[in-house]
Amino acid sequence: MGFLQAVAFDPGPSLHCGPVTLRHPLMSDHAAWAKLRADSRDFLVPWEPRWAVDELERAAFRRRLKRYAQEIRNDTGYPYFVFRSDDHELVGGLTLAFVRRGVTQCATLGYWMGESYAGKGLMTAAVVGILRHAFDQLQLHRVEAACLPSNQASIRLLEKVGFTREGYARAYLCINDCWQDHVLFAILAGDPIAGVSGIGALSASR
């Protein structure tokens with residue numbers, strides 16, 4: 001029973017960010033998620049940790065949701081799927097991970113986008129929305145992000161939204177089975193978040 005309760009957690013309110021809507025993943029999202037990830041595999045693999053052998057299977061997705069539910073309960077992580085607002089199509093995902101409280105009040109932002117939806121401004125809108133939520137609702141002071149030096153699309157997104165480049169970390173993360181350097185970025189609660197056309201005030205609904 002505990003396992004089922006952990007998977008069937010309250011998804012909480014959806015966050016409406018202009019062209020996209022964010023909400024916590026549900027088991028009913030598995031088919032759309034697995035298809036989007038499979039269709040985008042070659043596009044995503046160079047930027048992500050190595051995929052597990054059962055990465056897209058239903059049982060693995062159920063375990064993922066169980067971990068997500070635990071992180072939300074413990075206030076250590078907040079995963080979201082990104083949906084296009086006009087037709088509710090799943091287009092990607094993003095996570096506020098490694099939430100640290102106390103004197104830090106910080107989290108790490110990660111995100112991914114399906115290949116056919118990349119370059120259309122949807123993830124930029126999602127990042128703007130999640131930052132507003134992080135600072136206004138979760139009361140974080142700082143959000144960090146890191147990306148490969150060769151990932152110019154991600155660097156442009158972070159800089160456009162208002163992140164500041166803070167450093168360069170050698171062999172920072174194991175990406176695609178190889179320890180790779182990363183460029184480090186951060187944005188503070190007091191920093192301006194760049195406006196994106198079509199995004200007004202962040203709203204939430206169930």
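Things to note:
- Within the stretch 76-92, the set of residues being hydroxyl-bearing (Ser, Thr, Tyr) and over 14 Å from VAL127 (Cα atoms) comprises THR76, SER85.
- The single residue among ARG132, ARG101 that is surrounded by fewer than 17 Cβ atoms within 10 Å (Cβ to Cβ), closer than 20 Å to LEU157 by Cα and in contact (Cβ under 8 Å) with a residue 24 or more places away in the chain turns out to be ARG132.
- Across the stretch 80-89, a minimum of one residue is classified as of a type in the set (S, T, N, Q) and surrounded by 14 or more Cβ atoms within 10 Å (Cβ to Cβ).
- Within the stretch 97-149, if we keep just the residues that are small (Gly, Ala, Ser) and part of a strand (DSSP E or B), the residue that is farthest from TRP51 (Cα to Cα) turns out to be ALA107.
- Residue match in the stretch 82-91 (condition: in contact with a Lys or Arg (Cβ under 6 Å, 6 or more places away or on another chain) and either closer than 22 Å to ALA32 by Cα or of a type outside the set (Lys, Arg) (or both)): yes
- Yes/no for GLY162 being touching a Pro at 6+ places or on another chain (Cβ under 6 Å) and either surrounded by fewer than 21 Cβ atoms within 10 Å (Cβ to Cβ) or on the phi > 0 side of the Ramachandran plot (or both): yes
- Meets criteria (of a type in the set (S, T, N, Q), closer than 17 Å to TYR78 by Cβ and either at pLDDT 95 or above or surrounded by fewer than 14 Cβ atoms within 10 Å (Cβ to Cβ) (or both)) for GLN139: yes
- Every residue from the stretch 63-79 that is touching a strand residue (DSSP E or B) at 6+ places or on another chain (Cβ under 8 Å) and surrounded by 13 or more Cβ atoms within 10 Å (Cβ to Cβ): TYR68, GLU71, ILE72, THR76, GLY77, TYR78, PRO79
- Those residues of the stretch 42-62 which are surrounded by 14 or more Cβ atoms within 10 Å (Cβ to Cβ) and either among the small types (Gly, Ala, Ser) or without any contact (Cβ under 8 Å) to a residue 40 or more places away in the chain (or both), in sequence order: TRP51, GLU55, LEU56, ALA60, PHE61
The values are calculated or read from the model by the stated rules, or taken from the named source; none is laboratory data. Small disclaimer: the values here were computed from a predicted structure and weren't measured. Ideal geometry is used to build each Cβ from the backbone, glycine not excepted, and the neighbour counts take in all protein chains shown.
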